[in-house]
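Worksheet for the structure shown next.
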Amino acid sequence: MSTPYWGPDFDALAAFDPDIAGVVTDELDRLRSGLQLIASENFTSPAVLAALGSTLSNKYAEGYPGRRYYGGCEVVDRAEEIGIARAKELFGAEHANLQPHSGANANLAVYGAFMQPGDTFLAMALPHGGHLTHGAKVSFSGKWFNAVPYGVAEKTEHIDYDQVRDLAREHRPKMIICGGSAIPRLIDFPVFREIADEVGAVLMVDAAHFIGLVAGKAIPSPVPYADVVTFTTHKVLRGPRGGAIVCKAEHAKAIDKAAFPMMQGGPLMHAVAAKAVNFKECLTPEYQAYTRQVVANAQALTEGLATEGLRPVAGGTDTHLALLDLQETGVTGVDAETRCGAAGIVLNKNAIPFDPQPASVASGIRVGSPAVTTQGMTESDMKSIASLIGTAIRDVDGSRTAEVAAGVRELVGAHPAYPEPGRTS
Ligand code: DSN
């Protein structure tokens, strides 16, 4: 390297802006001192953080490699080319676009590529595990399109494929979407492909939650079945915050034109470079082992929570997350979230299918294993976490908060997030 590295200088930040430096250190403390069980979060690596905190943040690069609307893009072009090649290799995809700033933006681009305002699409209802951008009335997806929701069967709590087929035949949607933010079980992509083909719809898989498990080969891939797959890069995948799209070659032009210039302007080249670093990490055997452990941990945590009297929705999990029905405990989701939070266990309340409570209260919680697995925790730690959660949610008066917090400290002490330099475990 002929040019010396010029990267983040925390001492300079602390000297210039102690307020924001304090936020940065306090957040690191928060991450290190609690159990992070939000299913959509993870701890990204120092290599990814270095790319994010680089001077690539300065560059305007509207367009695509070799076809930009600004001069001086010859260096950042390399980051995007490397990232695209790695994404195609990692997912066995014919085309990749790394420019979406987020999962919502990736979805917006796909809707723009295949639909006109007012067109109909089919997607999983948000209260059954879907996503805000899959047709919720408060989102662009529900305001600008005719979103027809499908859900899970009441008895099994698995996706009701008969309902999907019936609705597709009735509404003849332009697109069918599968995927969501609270689906613990595997999705049957071949069945969705069959239904989409029968009605002539585009099949979009929003794989944001589970794409990391696909990258690690821990679960089956939607890529061979879908016309287009959108995802975020910061969940199990463990990269920077951001979005991406992979698709069949026949849709490449439409997707690229929809990501830019239809829905976004300049890409965030530091984030694109960080995505490339992350894909390189995901191509390693170590990452594959990590994803297998993520699933094993989620299953151990779910079993442990079941013995604490929390009912696993859909009977368990095949992925990184579980949804627990708290109704038998008499505790609401919001109270469970607060009580766990007081002891340093960070998780979220979540609606369960056919929830009698409003979403702001909810009858369930969602837990995920990506972050604690990155810390090196295994199945026996999950049993301990389940027991701590069971104690915390039944702790009506807070009398056992200190005891649970001590248990949390013990676990994170043995498996620190972002260990101090020199510490190996
Ligand atoms: N908000 C994310 C989640 O927590 O699942 C999805 O966008």
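Each reported figure results from applying straightforward, stated rules to the coordinates on display, with no laboratory input. Keep in mind the model is a prediction, meaning the values are calculated, not measured. Note that we place each Cβ from the backbone using ideal geometry, even for glycine, and neighbour counts take in every protein chain shown.
For this structure, a couple of remarks:
- The chain, helix-only ellipticity at 222 nm - DSSP H runs n ≥ 4, -39,500 (n - 2.57), divided by all residues, nearest 500: -13000 deg cm²/dmol
- Cα gyration tensor shape of the chain, rounded if a/c is under 1.5, else prolate or oblate by comparing a/b with b/c: oblate
- 3J(HN,Hα) from dihedral phi, region 219-229, Karplus parametrisation 6.51/-1.76/1.60, rounded to Hz, x for glycine, proline: 9, x, 8, x, 4, x, 9, 8, 5, 8, 10
- For the chain: relative contact order, % (alpha-carbon pairs under 8 angstrom, 6 or more apart): 21 percent
- Three-way shape label, region 1-149, alpha-carbon gyration tensor, a/c 1.5: oblate
- Given +1 at the Cβ of Lys and Arg, -1 at the Cβ of Asp and Glu and no other charges, the dipole of region 1-149 around its Cα centre is 560 debye to the nearest 20.
- Projected label distance in nm at residue 12 and residue 248, using a 7 Å step from Cα toward the beta-carbon: 5.0 nm
- Tail beyond 17 Å, pair distance distribution of region 331-425 (Cα, percent): 54 percent
- When each of 32, 68 is scored by the number of other beta-carbon atoms lying within 10 Å, the sequence from fewest to most is 32, 68.
- A cut-off of 5 Å between modelled amide H atoms, ignoring neighbours fewer than 5 places along the same chain, links residue 152 with 160.
- Screening the chain for whole DSSP H helices of 24 Å or more along their axis (Cα) with average Kyte-Doolittle hydropathy at least -0.5 returns 74-91, 285-307.
- With a simple spin-label model that places each label point 7 Å from the Cα along the Cα-to-Cβ direction, the separation between residue 406 and residue 328 comes to 3.0 nm.
- Amide H to amide H, with H built 1.01 Å from N, residue 201 comes under 5 Å of no residue 5 or more places away or on another chain.
- Shown for 67, 409: other C-beta atoms within 10 Å of each C-beta, ranked fewest to most, produce the order 67, 409.
- Taking region 177-281 and dividing mean pair separation by its residue count, relative contact order in percent (alpha carbons under 8 Å, at least six apart): 21 percent
- The chain: most fluctuating residue of 38, 211, 82 per GNM, C-alpha cutoff 10 Å: 82
- For region 96-172 and region 19-53, distance of Cα centres in Å: 31 Å
- Taking chymotrypsin sites (Phe, Trp or Tyr not before Pro) across region 1-50, the ones in a DSSP loop with at most 14 further Cβ atoms lying within 10 angstrom of their Cβ are 5, 6.
- For residue 24 and residue 161, the difference between the fully extended length at 0.36 nm per residue and the C-alpha to C-alpha distance is 44.8 nm.
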